[in-house]
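Any read-out appearing in this document is the output of simple, stated calculations on the displayed coordinates, not a laboratory observation. If you're wondering where the values come from, they're calculated on a predicted model, not measured in any experiment. Cβ placement follows ideal geometry from the backbone for every residue including glycine, while neighbour counts extend to all protein chains displayed.
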Amino acid sequence: MNNLSMNRTFTGEYCDLKLPTRYELHWLISYISLALVGLFYGLLGYRWWRLTMFITSFSLGSLLLYIILSTQPTMNESQLIGVSCSIALLFGLINVLLQYVGLFVNGFCFGLILSIISFVVWDIKQRADGVSTSFWLIIALILIVGLLCAILTLRFQKFMLIITSSCLAGVCQVLVLDYFLQLSLLLRFVHKRLLFESTVTLCIRHWIIVFILPIVMLFSIVIQYAWTGRHYDHRDSWHRVISAGHKRYKTANLKKIRRHYEQDSLRQQIIPDESNRFRYFYQLRRANGDALSSDFIQNVRQQSSTIIRMTTNENNENNTSNTNGIVSTKKDTDSTTTTLTHLI
């Protein structure tokens with residue numbers, strides 16, 4: 001009886017709405033920075049998608065490395081943070097430079113969030129029924145859902161980048177509100193459930209903060225589709241970065257040329273003779289800026305110069321033969337005239 005009354009008293013105090021009065025300085029700075037990152041995800045997550053991939057991969061890499069290196073007893077807290085951030089910085093740069101790797105990691109991070117949420121909901125339901133949750137459930141969810149979302153991100157890049165950045169914006173704002181309203185009680189609950197440790201059942205006021213996630217996610221999707229991500233394609237921006245510093249050649253709009261060519265009025269103006277239509281068509285393409293091969297142009301010039309040289313030689317030969325004939329005829333006429341004069 002005394003234990004039951006103590007549990008009721010503890011649950012009542014646990015579910016009472018009492019805002020914290022003191023915050024630690026380093027955690028305060030960290031969560032304010034996290035709020036700014038969440039705002040960036042929600043407004044410019046797709047527009048500045050390379051920075052989004054860097055922040056996501058850096059955060060995921062540093063978190064995983066910190067968890068792995070925390071098992072080493074010889075490293076203190078500052079050494080763990082320094083080593084984790086250093087390696088995660090390299091991991092983030094790789095994801096920025098290699099486009100498909102960054103997209104894969106972003107999609108996998110979105111699947112990781114979905115798998116953790118699904119596991120926590122299923123675990124709460126199983127605990128209410130008095131059944132323990134299997135350890136392999138969370139592993140299977142992370143692998144299946146993470147890989148599925150990563151493949152979908154590679155296939156539908158713009159759609160999944162907007163969805164992923166909006167989801168990350170909602171997660172960041174939920175973590176910030178969880179810290180400022182209840183000192184990260186919800187985060188500690190999820191961490192303990194992932195480690196299969198005993199936890200206290202959450203109250204309604206704790207779940208109200210979770211509902212901020214779909215609201216922020218919906219607003220972020222609407223803002224990015226209607227404003228920041230409208231008339232923007234990340235693949236065009238990536239091609240501009242790749243081709244930066246190279247000479248850009250102007251190419252003709254062949255569809256426009258073919259459309260004008262099919263019109264009878266324009267065809268009659270520029271191609272009076274149907275037998276020479278291909279020659280005039282290529283002249284039109286060159287006039288509109290179509291890029292022709294330099295070897296092709298050089299061969300044409302050599303052929304034209306050869307023809308001109310041959311024609312000039314033939315003309316010269318004809319001229320010399322004509323002059324020789326005229327001179328011989330003149331000589332013949334002169335000789336005939338002299339003989340006639342002598343005869344006379």
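Overview of results
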{"read-out": "Theoretical FRET efficiency, 1/(1+(r/R0)^6), r = Cβ-Cβ of Leu64 and Arg205, R0 35 Å, to 0.05", "value": "0.65"}
{"read-out": "Mean separation of Cα contacts under 8 Å (6+ apart) over length of segment 24-238, as relative contact order %", "value": "30"}
{"read-out": "Taking Ile68, Ile117 and counting other C-beta atoms within 10 Å, the order from fewest to most", "value": "Ile68, Ile117"}
{"read-out": "Footprinting exposure proxy for Thr228, Thr74, Thr312, Thr164 (fewest neighbouring C-beta atoms within 10 Å first)", "value": "Thr74, Thr312, Thr228, Thr164"}
{"read-out": "Calculated log₁₀ intensity ratio I(q)/I(0) where the Debye formula runs over C-alpha points of segment 96-192, q = 0.13, 0.14, 0.17, 0.18 Å⁻¹", "value": "-0.55, -0.63, -0.85, -0.92"}
{"read-out": "Highest to lowest packing among 169-182, 190-203, scored as the average C-beta count within 10 Å", "value": "169-182, 190-203"}
{"read-out": "Per-residue Cβ neighbour rank within 10 angstrom, fewest leading, Cys15, Cys167", "value": "Cys15, Cys167"}
{"read-out": "Under Karplus coefficients 6.51, -1.76 and 1.60, residue-wise ³J(HN,Hα) of segment 192-197 in Hz, glycine/proline x", "value": "5, 5, 5, 8, 6, 9"}
